[in-house]
Ligand code: SOE
């Protein structure tokens, strides 16, 4: 079997999740190519070498540019903050490396446009790229998409989506790179709002055409973190400004006539990683909550009223998306499995010479929705999403 050398850049939360995926994918799925965890890249030699040992990488580099000249690396996996996505991805694609890039694709629409253009050029030479909207690969989400495509809920009227976290609800929670516009582009909007934009469009097979939104930063200053990595760091005595939104809300119109209500917040006390999606169609409804990620709720409005009701589907049957490779029914999957499935789909597309999804063009379209929400928050007007 042909090997696929991987170079992963970044080893914090996302780097660890991607490492787990590269480790587990070939052990549970029959992949057409054998991924090699060739090299882990990070700026500090000591820290990257410790991380490589822990996460299972063979070698390390401290300069990402060196990965692009290596013949034993065919794919660059970008798990850095958003401010470096465009530079690394474009250079990697031009060097003939396949690219997996964490979401949101970039910090601005302009960067995302350049990345999508570079991806289109590279695709003409058989070089593939994908953006890491990993929740698409949760089996219950895959099933929801299938049911919509089969017409089980009919014409979509309402899309209700929330992404609720609470990790900075405490005003003394320290600054991290995720609260810095220069590094992260935006706050709850891009970090978690991007996921529900992608997920709802993926499930419905439809696209958001216009939005009206508001952003808010509830806590404007926070203690400066001693270490700017991961979700939090150790607080120092100095304070610094929060330059991104803490929460984003917006209304949306979909191309096929559905109405959407979206909410992304890091201030929903008690909600840790609640991605809640409810879709109402003319023939029925679907409901999902990531905090119960193995379940999908389905209401069939064509059933007799006396016995109709939401049915809880435990999405752990071998016939459900991705599940056959794992455990017997009822033996639940978790957060990390989405990343494994992402690797499986990417490696399969590369081997089959197909463009994987979500593409950089899809990432660009999500970026346009996010930018339109920001513009709307400032202008207090509805904003159309450019084609
Ligand atoms: C932090 O809010 C975060 O890690 C996001 O960046 C991820 O995309 C999401 O999966 C979990 O929360």
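The values are calculated or read from the model by the stated rules, or taken from the named source; none is laboratory data. Predicted, not measured: the structure shown is a model, and the values here were computed from it. In this analysis, Cβ positions are derived from the backbone assuming ideal geometry, glycine residues included, and neighbour counts consider all displayed protein chains.
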query: For segment 111-128, does any single residue satisfy the condition of being in contact (Cβ under 8 Å) with a residue 24 or more places away in the chain, under 30 Å from residue 319 (Cβ atoms), in contact with a strand residue (DSSP E or B) (Cβ under 9 Å, 6 or more places away or on another chain) and within 13 Å of the ligand (Cβ to nearest atom)?
result: no
- request: Of the numbered conditions (1) out of contact with any helix residue (DSSP H, G or I) (no Cβ under 9 Å at 6 or more places or on another chain); (2) outside any strand (DSSP E or B); (3) closer than 23 Å to residue 200 by Cβ, residue 170 fails exactly one; give the number of that condition.
  value: (3)
- prompt: Can you spot a residue in segment 249-260 that is within 30 Å of residue 214 (Cα to Cα), modelled with pLDDT of 95 or more, in the same structural domain as residue 168 (by TED's automatic domain parsing) and within 16 Å of the ligand (Cβ to nearest atom)?
  reply: no
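Quickly run through segment 129-150 and pick out the residues that are more than 16 Å from the ligand (Cβ to nearest atom) and within 17 Å of residue 320 (Cβ to Cβ).
If the condition is that a residue be more than 16 Å from the ligand (Cβ to nearest atom) and within 17 Å of residue 320 (Cβ to Cβ), then 139, 142, 143, 144, 145, 146, 147, 148, 149, 150 are the ones that fit.
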query: So which of 207, 145, 222, 137 ends up being touching a helix residue (DSSP H, G or I) at 6+ places or on another chain (Cβ under 6 Å), under 22 Å from residue 12 (Cβ atoms) and touching a residue at least 24 places away in the same chain (Cβ under 8 Å)?
result: 137
query: Of everything in segment 184-206 that's on the phi < 0 side of the Ramachandran plot and part of a loop (DSSP other than H, G, I, E, B), which residue is nearest to the ligand (Cβ to nearest atom)?
result: 187
- prompt: Are any residues in segment 261-282 more than 15 Å from the ligand (Cβ to nearest atom) and either surrounded by 15 or more Cβ atoms within 10 Å (Cβ to Cβ) or within 22 Å of residue 371 (Cβ to Cβ) (or both), and if so, which ones?
  reply: 261, 262, 278, 279, 280, 281
task: Check segment 299-320 and report whether any residue there is under 19 Å from the mean Cα position of the chain (by Cα) and in contact (Cβ under 8 Å) with a residue 12 or more places away in the chain.
output: no
- request: Identify the single condition in (1) in contact with a helix residue (DSSP H, G or I) (Cβ under 6 Å, 6 or more places away or on another chain); (2) at pLDDT below 95 that residue 288 does not satisfy, given that it satisfies every other one.
  value: (2)
- request: Select the helices (runs of 4 or more DSSP H) contained entirely in segment 16-108, then report the ones holding at least 1 residues which are within 16 Å of the ligand (Cβ to nearest atom) and either more than 24 Å from the chain's Cα centre (by Cα) or touching a residue at least 24 places away in the same chain (Cβ under 8 Å) (or both).
  value: 85-94
